[in-house]
1. For the subset of the range 33-80 comprising residues that are polar (S, T, N, Q), free of Cβ contacts under 8 Å to residues at least 40 places away in the same chain and under 27 Å from L255 (Cα atoms), which member is surrounded by the most Cβ atoms within 10 Å (Cβ to Cβ)?
2. Scan (1) modelled with pLDDT under 95; (2) of a type outside the set (G, A, S); (3) within 25 Å of V147 (Cβ to Cβ); (4) surrounded by 15 or more Cβ atoms within 10 Å (Cβ to Cβ) for the single condition R30 breaks and write down its number.
3. Only one of (1) farther than 18 Å from V246 by Cα; (2) free of Cβ contacts under 8 Å to residues at least 12 places away in the same chain is not met by A142, so which one is it?
4. Based on what the data block shows, is L98 modelled with pLDDT of 95 or more and within 25 Å of T193 (Cβ to Cβ)?
5. Any residue at all in the range 267-290 that is touching a strand residue (DSSP E or B) at 6+ places or on another chain (Cβ under 9 Å) and crowded, with 22+ Cβ neighbours inside 10 Å?
6. With the requirement that a residue be within 19 Å of Q188 (Cα to Cα) and touching a strand residue (DSSP E or B) at 6+ places or on another chain (Cβ under 6 Å), what does the range 218-256 give you?
7. Tally time: how many residues in the range 135-151 are in a helix (DSSP H, G or I) and surrounded by 15 or more Cβ atoms within 10 Å (Cβ to Cβ)?
Amino acid sequence: MGSPMDRPRIRADADGMNLAHTNATTGRARPHLLVRVAVVMAATLLVWQVMGWISDRLPEGPQAGLRHWVNALTVFVLAVPVVWLARRYLDRRPWSGLLLAGRGWAPPFLVGAASWLVPGLLGLTAVLLSGAVEAVPNRPAAEAAAVVAALVVLVLLFEAVPEELIFRGYLFRNLNTALPGWLTVLAQAALFTLFGLALWIPSAGWGVLPERLPLFFGMGVVLGCLRLVTGNVWACVGFHVAFQTVAQALLTGYLFTIGGEEGLMMLAVFASPFVFAVPVAMLLTRDTGTGRWSGRVPDPARTS
């Protein structure tokens with residue numbers, strides 16, 4: 001039960017679906033969890049709408065050209081402050097609580113990247129050696145390496161850091177205070193899917209739904225599982241960077257011309273990581289996330 005002296009601190013640390021949460025140091029009530037989620041989702045869509053408005057006023061350019069860089073910087077410069085402001089003024093919780101890890105960013109990032117690259121590159125090697133798929137380089141090796149390096153930076157700025165910070169960082173962290181881990185994975189994946197469809201359907205029409213809905217939801221589930229298993233948003237960033245960089249290198253025609261059984265390549269290179277990423281991450285971290293799948297994680301206020 002605790003003594004009367006403990007109760008203000010207990011109220012400050014309690015989280016979940018209560019209508020208001022009181023910060024013991026300021027006495028201010030936090031908005032309801034659903035309000036916080038809705039505000040951040042609306043702000044996220046607004047950020048991408050602003051990016052689209054700016055992008056439409058720029059001339060078309062090559063892959064990794066000026067337009068791509070402006071889009072990436074616009075999203076990064078707007079999205080990161082959105083999360084910081086939400087964390088400070090809506091959650092009233094420390095920024096460090098989003099990551100839930102004290103191991104630094106590099107090992108989780110590498111675990112996330114490897115969880116995509118190990119099955120993805122093994123699949124690519126298999127289909128190339130079988131002769132079913134052919135990949136012909138379109139550029140000299142040095143130029144291709146420079147383009148890939150630029151793509152990595154662009155993916156980090158444009159997609160991986162902003163999207164993972166919002167969905168597997170802020171939203172996952174807040175939802176997991178009220179929902180068990182497995183349900184948090186599904187809930188944030190559903191929000192990620194709504195976000196993706198809200199961006200695609202207005203420009204491409206409802207015809208993209210059969211393709212994009214399972215893609216967004218599947219990716220959201222895998223990334224949510226990585227977040228839960230590793231306890232670190234950087235693992236999700238690493239997976240996202242590996243996936244998007246390889247996809248843009250292979251599928252845009254900018255670096256390679258792909259011939260042969262394209263469907264087989266998609267299955268071996270891009271579908272297999274969605275199946276094997278979480279087991280690979282478990283092996284690399286020697287952690288199955290036991291306990292976190294069914295548990296809720298409190299989000300305590302900063303204590304002085």
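The values are calculated or read from the model by the stated rules, or taken from the named source; none is laboratory data. Values in this document were obtained by computation on a predicted structure and should not be read as measured data. So basically every Cβ, Gly included, is an ideal-geometry build from the backbone, and we count neighbours across all protein chains shown.
1. T74
2. Condition not satisfied by R30: (3).
3. Evaluating A142 over (1) farther than 18 Å from V246 by Cα; (2) free of Cβ contacts under 8 Å to residues at least 12 places away in the same chain leaves (1) as the failure.
4. In short, no.
5. yes
6. Scanning the range 218-256 gives no hits.
7. So the count comes out to 5.
A quick yes/no check of all residues on (1) surrounded by 15 or more Cβ atoms within 10 Å (Cβ to Cβ); (2) charged (D, E, K, R):
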site	(1), (2)
L199	yes, no
W206	no, no
V229	yes, no
T257	no, no
G263	no, no
R292	yes, yes
